[in-house]
Amino acid sequence: MRNIIAITKRELYGYFSTPVAYVFIVIFLFMTGIFTFYVGSFYERNQADLDPFFNFHPWLYLFLLPAIAMRLWSEERKSGTIELLMTLPVTITEAVVGKFVAAWLFSAVALVLSFPIWITVNYLGDPDNTVILSAYTGSLLMAGGFLAIGSCVSALTRSQVIAFVISVVICFLFVLSGFPMVLNVFQSWAPQALIDAVASFSFLTHFSAISKGVIDLRDIVYFAVLIVFWLYATVVVIDMKKGG
């Protein structure tokens, strides 16, 4: 555990010691503001909730979080510091978890800094804050899923650009699988069990349920299993690269 904490601190310091972290946070907050108040018609809806804020999170994360994850291992491999990291008294698992936790905490900081929007909706109306808190939790869990996928892809290549593109494609497939347009394609010929199986892989399906205030253990387990699976895949990939 001490090694994981040490790596997490090292990575977090790396984020905030460069302008990249601040640029990311500014872009995230700016885009959430645009999508909430303008695209999402926050005021025109005349409803005291944050649906316009959370509805766009999967699409924001689709591009912003792979941009964070792409540097997790690609940069280490390109600069050669991964060899140095592997000589330290830490296991591959500890290194993978430490880097992931740092990226997850960084995304949590960006999410927390959106609190003025929460304050705004409370000032203008009387929202169900339990539902809003649930949606924040779901958003953070979904962010973990995006980052875990990005971590694995980053371990596959030295190029951050390639890691970013592949991560976006894979994450897009996870988001798209629950989209009504995709499910409608299966609806005309596939049994309901297959349609449900396709939808069950989607970030949208599980995040939408949590964002409505419905805390279902199946949704929590989905994101937990997804994160663990992709982090395990990252460990396997790094171990194979190390062996090669």
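The values are calculated or read from the model by the stated rules, or taken from the named source; none is laboratory data. This is a predicted model, so every value here is computed, not measured. A quick note on method: Cβ atoms are made from the backbone with ideal geometry, for glycine too, and the neighbour counts reach across all protein chains shown.
Only one of the listed residues (V198, V235) is assigned to a helix (DSSP H, G or I) and either hydroxyl-bearing (S, T, Y) or at pLDDT 90 or above (or both). That residue is V235. The residue that is nearest to S202 (Cα to Cα), counting only those in the stretch 20-63 that are among the hydrophobic types (A, V, I, L, M, F, W, C) and not in a helix (DSSP H, G or I), is F56.
Criterion applied to S107, S139, S151 was being in contact with a His (Cβ under 6 Å, 6 or more places away or on another chain) and of a type in the set (S, T, Y), and the one residue passing it is S139. Of all residues in the stretch 216-236, those satisfying the criterion of being farther than 17 Å from A199 by Cα and either in contact with a His (Cβ under 6 Å, 6 or more places away or on another chain) or of a type in the set (S, T, Y) (or both) are Y232, T234.
Annotation: of all residues in the stretch 26-41 being within 22 Å of D128 (Cα to Cα) and not aromatic (F, W, Y), the one that is surrounded by the fewest Cβ atoms within 10 Å (Cβ to Cβ) is S41. Taking the conditions (1) surrounded by 15 or more Cβ atoms within 10 Å (Cβ to Cβ); (2) under 25 Å from F63 (Cβ atoms); (3) modelled with pLDDT under 90; (4) not small (G, A, S) in turn, V168 satisfies each one other than (3).
If you go through the stretch 1-25 and keep only what is within 29 Å of T120 (Cα to Cα) and surrounded by fewer than 13 Cβ atoms within 10 Å (Cβ to Cβ), you end up with P19, Y22, V23. For the stretch 42-54, the candidate set comprises residues that are modelled with pLDDT under 75, under 18 Å from S211 (Cβ atoms) and not aromatic (F, W, Y); within that set, the residue that is surrounded by the fewest Cβ atoms within 10 Å (Cβ to Cβ) is R45.
Inside the stretch 141-160, residues that are in a helix (DSSP H, G or I) and at pLDDT below 90 make up a count of 3.
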